[in-house]
Amino acid sequence: MNPLVRPRNVTACHRSPEFLKRVDQTLQVQKGSESTCAGNDARHCALDTPLENLWRAYQADSKPRVVLLEKGSDALLVRLHLIKAAQKRIDIQTFIWVDDESGHLVLQELLAAAKRGVEVNIIIDQLFSMDNTWFLSELATLHKNLHIKLFNPIFREAHTSKFDFFSALACCLSSLNRRMHNKVFLVDGRYGITGGRNYQDRYFDWDPAFDYRDRDALVVGEAAWQMRQSFDEFWQHPYSVALEHLDDVSQRILADQRNQSEWFTPLAPHARQLAMQAFDYDTIRQKFVDSALVAESVEYFSDSPDKVVHSRSGKKANKALSVKIRDLILSARQEVIMQTPYLVLSRKAYRAMKKLRRQHPDIRLLVSTNSLASTDAFYVYAISFKHKRRYLKRLGLLIYEYKPKPAYWREMFASPVVNENTRFGLHAKSFVVDSRWSLIGSHNFDHRSDTLNTEAGLIIKSPEVAQALKSQIKRDTDPENSWVVAAKEEVPVWSAVSGLIASMSRALPVFDVWPFRYSSSYELVSPYPAVEPGHPDFYRNYRAVGSFPAVDLSSKQIQTIIISAFAGFAEPVM
């Protein structure tokens with residue numbers, strides 16, 4: 001970061017050095033120092049891990065290993081196992097951390113690792129994460145080996161009150177709206193995980209009401225070291241503020257006010273079962289070693305933390321991952337398969353797709369995304385709804401929208417907590433280019449990811465990984481798991497007139513009020529075979545189910561239509 005550029009954000013007000021010194025001195029007294037490992041050498045107490053075999057294989061042939069983490073329960077299991085196996089250092093970077101059942105379990109394991117002598121470093125974006133200052137002051141004092149920082153805190157506080165939030169909206173929207181969206185889990189600089197998952201029950205299939213269909217990748221090789229370098233850059237950045245140096249937390253530390261949590265109380269049955277599996281050498285080997293794929297190359301790309309800074313360096317930094325994605329898309333010759341929870345293409349992504357379609361008219365462009373019934377952000381879906389016609393007609397996208405109750409839910413979300421009433425939504429961010437290149441990360445391919453949030457991801461060169469990822473996305477788009485979006489059957493004269501008026505209406509930033517839509521969602525009719533839009537039998541094999549299938553709440557539909565009609569101007573900040 002340019003030292004001559006002063007960050008203009010909501011963290012700009014600083015406590016005096018004398019005040020922070022007093023906090024640090026108090027913290028030295030309050031911080032735990034218990035050691036559960038002889039000599040405080042975590043290497044002697046770390047769990048034996050079969051993942052060591054992947055590390056040795058990489059050292060032997062210099063070829064990285066990749067494991068796709070498709071199920072939430074597996075993604076949590078491998079994290080718990082790696083924490084137990086850590087010998088020196090654990091680094092975690094995330095957008096959201098909630099102190100629910102899974103979030104607390106991971107913290108519990110990290111505390112146990114810290115007591116063994118492992119250095120644990122955590123960076124959490126401040127806006128939507130833990131905001132109980134009593135609990136946060138406890139975390140700040142738990143152990144000398146456990147260090148937590150919050151990124152871009154509002155008014156340099158850990159807890160954001162409603163008053164503070166709306167004050168920040170009024171005075172500092174540009175800074176408030178720029179967040180750290182990276183997700184990194186790194187152990188000993190050897191084993192790295194990145195993708196879409198945060199730390200909350202719904203990312204690990206532990207929420208009985210709503211769970212995400214998400215994706216991470218575990219990588220062993222050079223990319224893990226690249227994660228370490230990126231993490232260190234964020235850790236040292238001025239926008240990453242130590243928990244104890246935030247005003248509301250520091251005041252509690254000085255007043256000796258903090259929670260006294262029971263960190264090792266008995267777990268719920270499903271949590272206890274998963275925690276025990278983390279010790280099982282054979283289970284870990286079967287799930288994460290035997291399934292590992294060899295890649296030609298894996299690179300970890302991350303935006304710089306300067307992306308959130310209003311400066312020349314910040315503007316330059318926002319091109320890192322987005323430019324790489326654009327270049328990969330433009331390199332396609334046969335096929336691009338994309339999966340994103342929010343189909344609101346940024347200008348760069350739209351232009352790249354348009355250029356690709358113009359240069360290669362027959363290229364196949366497929367997108368797996370959320371329906372209104374499955375999305376966690378209907379206001380963003382409304383903007384996607386506004387642009388459906390140009391996505392279908394100008395770009396020729398094949399759009400599949402995820403069902404809130406996909407047919408494979410019992411298998412994909414295999415958790416005792418999931419039940420008949422659970423709703424599911426897509427949260428994976430991935431794409432495959434020409435069955436050779438893959439990207440798995442946090443980037444949503446929208447304006448926010450391009451210019452506002454910092455993002456990260458793995459670029460993988462491997463036909464095997466690409467085929468495995470393609471198969472997973474293909475399964476998500478199967479007729480029993482997704483609806484297909486397509487143009488309505490043409491009605492002579494009327495379709496042309498309606499389309500012309502709709503095009504003019506959609507082009508307006510506001511007042512998109514033409515009620516006759518170009519497209520509809522379609523559902524396969526048994527016993528006909530599945531075909532893609534454009535196939536001669538498509539309208540025979542599928543029946544139209546409207547724009548918002550499986551949405552019972554009329555108010556949600558009405559709000560979506562209203563936002564689509566009147567809030568187009570807000571697209572760049574959504």
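The values are calculated or read from the model by the stated rules, or taken from the named source; none is laboratory data. These numbers were taken from a predicted model, which means no experiment stands behind them. Glycine also receives a Cβ, built like all others from the backbone with ideal geometry; neighbour counts cover every protein chain displayed.
If we scan the range 360-373, do we find a residue that is in the same structural domain as ALA468 (by TED's automatic domain parsing), out of contact with any strand residue (DSSP E or B) (no Cβ under 9 Å at 6 or more places or on another chain) and part of a helix (DSSP H, G or I)? Show your work before the answer.
Initial filter on the range 360-373 (in the same structural domain as ALA468 (by TED's automatic domain parsing)): 360-373.
Going one step further and asking which of them are out of contact with any strand residue (DSSP E or B) (no Cβ under 9 Å at 6 or more places or on another chain), we end up with 360-362.
Retained after the next criterion (residues that are part of a helix (DSSP H, G or I)): none.
The answer is no, given that none of the residues of the range 360-373 is in the same structural domain as ALA468 (by TED's automatic domain parsing), out of contact with any strand residue (DSSP E or B) (no Cβ under 9 Å at 6 or more places or on another chain) and part of a helix (DSSP H, G or I).
Considering only residues of the range 24-75 that are among the β-branched types (Val, Ile, Thr) and under 30 Å from ASP205 (Cβ atoms), which is surrounded by the fewest Cβ atoms within 10 Å (Cβ to Cβ)?
Of the range 24-75, the ones among the β-branched types (Val, Ile, Thr) are 26, 29, 36, 49, 66-67.
With under 30 Å from ASP205 (Cβ atoms) added as a condition, the list becomes 49, 66-67.
Working: THR49: 23, VAL66: 26, VAL67: 25.
Of everything passing the filter in the range 24-75, THR49 is surrounded by the fewest Cβ atoms within 10 Å (Cβ to Cβ).
For residues that are of a type in the set (Gly, Ala, Ser) and surrounded by 23 or more Cβ atoms within 10 Å (Cβ to Cβ), scanning just the range 86-103, find the one that is farthest from ASN198 (Cα to Cα). Explain how you work it out, then say what you get.
Step one: list which residues in the range 86-103 are of a type in the set (Gly, Ala, Ser), which gives 86, 102-103.
Narrowing further to those that are surrounded by 23 or more Cβ atoms within 10 Å (Cβ to Cβ): 86, 102.
Details: ALA86: 20, SER102: 11 Å.
Applying the filter and picking the extreme gives ALA86.
Among the residues of the range 279-310 satisfying the criterion of being over 18 Å from THR49 (Cα atoms) and of a type in the set (Ser, Thr, Tyr), which is surrounded by the most Cβ atoms within 10 Å (Cβ to Cβ)?
SER302
Any idea which residue in the range 194-225 is nearest to HIS427 (Cα to Cα), counting only those that are part of a strand (DSSP E or B) and in contact with a Lys or Arg (Cβ under 6 Å, 6 or more places away or on another chain)?
Within the range 194-225, the subset part of a strand (DSSP E or B) is 194-195, 199, 210-213, 216-220.
Those left that are additionally in contact with a Lys or Arg (Cβ under 6 Å, 6 or more places away or on another chain): 194-195, 210-212, 216, 220.
On the way: THR194: 13, GLY195: 10, PHE210: 12, ASP211: 9, TYR212: 6, ASP216: 11, VAL220: 24 Å.
Among residues in the range 194-225 that are part of a strand (DSSP E or B) and in contact with a Lys or Arg (Cβ under 6 Å, 6 or more places away or on another chain), the one nearest to HIS427 (Cα to Cα) is TYR212.
Which pairs do you get when a residue that is of a type in the set (Val, Ile, Thr), found in the range 526-538, comes within reach of a residue that is part of a loop (DSSP other than H, G, I, E, B) and surrounded by fewer than 13 Cβ atoms within 10 Å (Cβ to Cβ), reach meaning Cβ atoms under 8 angstrom, with the pair 6+ apart or on two chains?
VAL531/ASP537
As an exercise: evaluate PRO153 against (1) of a type outside the set (A, V, I, L, M); (2) buried (at least 24 other Cβ atoms within 10 Å of the Cβ); (3) under 15 Å from LEU107 (Cα atoms) and give the number of the one condition it does not meet.
(3)
Determine if the range 390-402 includes at least one residue that is part of a loop (DSSP other than H, G, I, E, B) and at positive phi. Even if it seems obvious, please write down each step before you answer.
Filtering the range 390-402 down to residues part of a loop (DSSP other than H, G, I, E, B) leaves 394-397.
Now narrow it down to the ones that are at positive phi: 396.
Yes, the range 390-402 contains a residue that is part of a loop (DSSP other than H, G, I, E, B) and at positive phi.
How many residues does the range 43-74 contain that are part of a helix (DSSP H, G or I), closer than 24 Å to VAL118 by Cα, among the hydrophobic types (A, V, I, L, M, F, W, C) and within 31 Å of the chain's Cα centre (by Cα)?
Adding up the residues that qualify gives 2.
Scan the range 404-426 and report the pairs whose first residue is among the hydroxyl-bearing types (Ser, Thr, Tyr) and whose second residue is part of a loop (DSSP other than H, G, I, E, B) and modelled with pLDDT of 95 or more, with Cβ atoms within less than 7 Å and a gap of 6+ or a chain change.
Qualifying pairs under 7 Å: TYR408/ASN481; SER415/ASP205; SER415/TRP206; THR422/PRO208; THR422/ALA209.
For the range 116-137, give me each residue that is crowded, with 22+ Cβ neighbours inside 10 Å and either out of contact with any helix residue (DSSP H, G or I) (no Cβ under 8 Å at 6 or more places or on another chain) or outside any helix (DSSP H, G or I) (or both).
Hits for the range 116-137 are GLY117, VAL118, VAL120, ILE122, ILE123, ILE124, ASP125, GLN126, SER129, MET130.
Please tell me if ILE124 is touching a residue at least 60 places away in the same chain (Cβ under 8 Å) and hydrophobic (A, V, I, L, M, F, W, C). It would help to see each step written out before you state the result.
Working: touching a residue at least 60 places away in the same chain (Cβ under 8 Å): no; hydrophobic (A, V, I, L, M, F, W, C): yes.
Judged against the criteria, ILE124 is not a match.
For the range 526-555, name all the residues that are among the aliphatic types (A, V, I, L, M), under 17 Å from THR477 (Cβ atoms) and either at pLDDT below 95 or touching a Phe, Trp or Tyr at 6+ places or on another chain (Cβ under 8 Å) (or both).
Pass one, the range 526-555, residues among the aliphatic types (A, V, I, L, M): 530-531, 544-545, 550-551, 553.
Restricting the remaining residues to those that are under 17 Å from THR477 (Cβ atoms) gives 530-531, 545, 550.
Listed by number, the residues that qualify are VAL531, VAL545, ALA550.
What number of residues within the range 458-482 are in contact with a strand residue (DSSP E or B) (Cβ under 9 Å, 6 or more places away or on another chain), in a helix (DSSP H, G or I) and not acidic (Asp, Glu)?
Here the count works out to 9.
Quick check, is ILE383 surrounded by 16 or more Cβ atoms within 10 Å (Cβ to Cβ), modelled with pLDDT under 95 and not in a loop (DSSP other than H, G, I, E, B)?
Working: surrounded by 16 or more Cβ atoms within 10 Å (Cβ to Cβ): yes; modelled with pLDDT under 95: yes; not in a loop (DSSP other than H, G, I, E, B): yes.
Yes: the conditions hold for ILE383.
Hey, could you check the range 381-424 for residues that are among the aromatic types (Phe, Trp, Tyr) and within 21 Å of the chain's Cα centre (by Cα) and say which is nearest to SER482 (Cα to Cα)?
First, the residues of the range 381-424 that are among the aromatic types (Phe, Trp, Tyr): 381, 385, 391, 400, 402, 408-409, 413, 424.
If we keep only those that are within 21 Å of the chain's Cα centre (by Cα) too, we end up with 381, 400, 402, 409, 413, 424.
Values: TYR381: 16, TYR400: 6, TYR402: 4, TRP409: 12, PHE413: 16, PHE424: 12 Å.
Per the criteria, the residue is TYR402.
Looking at SER33, SER73, SER62 in this structure, which one is modelled with pLDDT of 90 or more and not assigned by TED's automatic domain parsing to the domain that holds THR283?
Working: SER73 fails: not assigned by TED's automatic domain parsing to the domain that holds THR283; SER62 fails: not assigned by TED's automatic domain parsing to the domain that holds THR283.
None of the others qualify; the one that does is SER33.
Can you confirm whether LEU80 is in the same structural domain as LEU176 (by TED's automatic domain parsing), touching a strand residue (DSSP E or B) at 6+ places or on another chain (Cβ under 9 Å), modelled with pLDDT of 95 or more and hydrophobic (A, V, I, L, M, F, W, C)? Even if it seems obvious, please write down each step before you answer.
On the way: in the same structural domain as LEU176 (by TED's automatic domain parsing): yes; touching a strand residue (DSSP E or B) at 6+ places or on another chain (Cβ under 9 Å): no; modelled with pLDDT of 95 or more: yes; hydrophobic (A, V, I, L, M, F, W, C): yes.
It is false that LEU80 is in the same structural domain as LEU176 (by TED's automatic domain parsing), touching a strand residue (DSSP E or B) at 6+ places or on another chain (Cβ under 9 Å), modelled with pLDDT of 95 or more and hydrophobic (A, V, I, L, M, F, W, C).
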